[in-house]
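Novice: Got a structure here, written out as structure tokens. Questions coming.
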Amino acid sequence: MSIFHTPLDKINEKTLIELLNLVPEGRQLDYKRELNFDKSDQKRELYKDVASFATASGGDIIYGIDENDDSTPRILKPMNFDNFDSLKLSIVQGIRSNVFPRINFQIQEIKCESGLAVIIRVIKSFQGPVALKDNDTYRFYSRNSTGNYPLDYLEIKNSFLQSNSVSEQFHNFRNQRIDYFLSGERGNNPTNPFFLFYIYPMYDTNFNINIVPEAKLIELLFPVRTGGGDFSYDIEGFAMFNHSVEENKNLLTQNQLFYNGSIEIYDDRILNIKVDPKTTSTLMYLHMIEDKIIDNYSNILKFYNEQSIFSPYICSLSIINVKEAIPVLDNRYGDPFDFKKIKKNNLIFRDFIIDGSININDSLKPIFDDMWRACGVSKSNSYSDSGIFIRHRF
């Protein structure tokens, strides 16, 4: 039994009690009696634990559990803090300042009858091995079933090579798909503006599309905000799509599930909406693109949880054929921003590694910020300064 793939907001005191005398420490699990952050050696131990999990395969560090001699949890020992929010902020700042490159992690307090347990969940880094800053040097650590250990030169080299391999595989896949749509081979109009959004699981999965009921695939891939669609199995996996009602029957939208569990969202409908028939310019509706991605991403994460396709995922947005396009918020009201016309024909944005257990809207912020920057604005106005999604969605 492991709780690493259980969303943190679903873990409670009962969940932790169920681990007692049953689930030992391992590669993705570590128990700590207390969360001490007062002394330099205690801080360094926490940073080393975090770096080790990030290099290995991610995992949970649970504070507030006493262990048996065989590393199984013996008893729950909740802790009391004078100001947990202040402690949490200090830990976050300490990890950001001492663990490199920047990693994804969460800190979650678990309310118990007599105090708090605390979980630090660390997501595996796919940017290479993670280092702990130790004075003026950097030391690399990883983790196996018996605990943390320092990496030697060959292990460090192999870890960097492995991380590059995953990224390169995704980039090759994405570029091939962009070329596919630019060729018009799918029945789309290759000169129309369109966008592509990808969710690409980073872990090898045991996903088998052949055992998923067809009704479940339709539910997953039903084209959001388009009012229905057709579906079919194909050489790539399974797809749902919409065509125009005009004589040419060009492809408008498509949601494609691939055999490895990756998902592709194609849309050229939003970028070809003309509020004023006299308008010849392409209008780039930023809020509508955000909403389309959020709605589909929500359905996809639900499906991934059901099929045990665990995070992290590479997420990537590309907007194609949009040179001289005019960015606007949406087609409902005026724009208070000084948007700039798009200067490049193809916007291939950075890919981001996203933890599926983080709030859906908030986790997509870096992707949307990049899209807005391409329009001459520093960040998406859908978020507060603290990164919380605040925009009312229609």
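Novice: Among Ile354, Ile360, Ile342, which is at pLDDT 90 or above and in the same structural domain as Leu196 (by TED's automatic domain parsing)?
Specialist: Residue meeting the stated conditions: Ile342.
Novice: Something else now. May I ask you to verify whether Asp66 is more than 25 Å from Ile314 (Cα to Cα), part of a loop (DSSP other than H, G, I, E, B) and either at pLDDT below 90 or not assigned by TED's automatic domain parsing to the domain that holds Pro201 (or both)? Reasoning before the result, please.
Specialist: Details: more than 25 Å from Ile314 (Cα to Cα): yes; part of a loop (DSSP other than H, G, I, E, B): no; either at pLDDT below 90 or not assigned by TED's automatic domain parsing to the domain that holds Pro201 (or both): yes.
No, not satisfied.
Novice: Under 9 Å between Cβ atoms, at least 6 apart or on separate chains: pull out the pairs that start in region 278-291 with a residue that is outside the structural domain of Phe337 (by TED's automatic domain parsing) and end on any residue that is modelled with pLDDT under 90 and in a loop (DSSP other than H, G, I, E, B).
Specialist: No pair meets every condition.
Novice: Moving on to the next point. Output the residues belonging to region 21-71 that are surrounded by 14 or more Cβ atoms within 10 Å (Cβ to Cβ), in contact with a strand residue (DSSP E or B) (Cβ under 6 Å, 6 or more places away or on another chain) and polar (S, T, N, Q).
Specialist: Those that are surrounded by 14 or more Cβ atoms within 10 Å (Cβ to Cβ), in contact with a strand residue (DSSP E or B) (Cβ under 6 Å, 6 or more places away or on another chain) and polar (S, T, N, Q): Gln28, Ser52, Thr55.
Novice: Is it fair to say Ile218 is modelled with pLDDT under 95, of a type in the set (A, V, I, L, M, F, W, C) and not in a helix (DSSP H, G or I)?
Specialist: No; evaluated as a whole, the condition is false for this residue.
Novice: Next up: Please list, ordered by residue number, the strands (runs of 3 or more DSSP E) wholly in region 90-176 having 1 or more residues that are basic (Lys, Arg).
Specialist: Values: elements: 105-112, 115-122, 131-134, 137-144, 147-150.
Hits in region 90-176: 105-112, 115-122, 131-134, 137-144.
Novice: I've got another one for you. What are the residues in region 23-63 that are among the acidic types (Asp, Glu) and either assigned to a strand (DSSP E or B) or at pLDDT 95 or above (or both), if any?
Specialist: In the first step, residues of region 23-63 are kept if they are among the acidic types (Asp, Glu); the result is 25, 30, 34, 38, 41, 45, 49, 60.
If the condition is that a residue be among the acidic types (Asp, Glu) and either assigned to a strand (DSSP E or B) or at pLDDT 95 or above (or both), then Asp30, Asp49, Asp60 are the ones that fit.
Novice: Of Asp268, Asp276, Asp230, which residue is at pLDDT 85 or above, loosely packed, with under 15 Cβ neighbours inside 10 Å and either under 24 Å from Lys365 (Cα atoms) or more than 26 Å from the chain's Cα centre (by Cα) (or both)?
Specialist: Checking each option against the conditions leaves just Asp230.
Novice: Hey, among Asn255, Asn158, which residue is of a type in the set (S, T, N, Q) and crowded, with 19+ Cβ neighbours inside 10 Å?
Specialist: Of the residues listed, the single one that is of a type in the set (S, T, N, Q) and crowded, with 19+ Cβ neighbours inside 10 Å is Asn255.
The values are calculated or read from the model by the stated rules, or taken from the named source; none is laboratory data. If you're wondering where the values come from, they're calculated on a predicted model, not measured in any experiment. Every residue, glycine among them, receives a Cβ derived from its backbone with ideal geometry; neighbour counts consider all protein chains shown.
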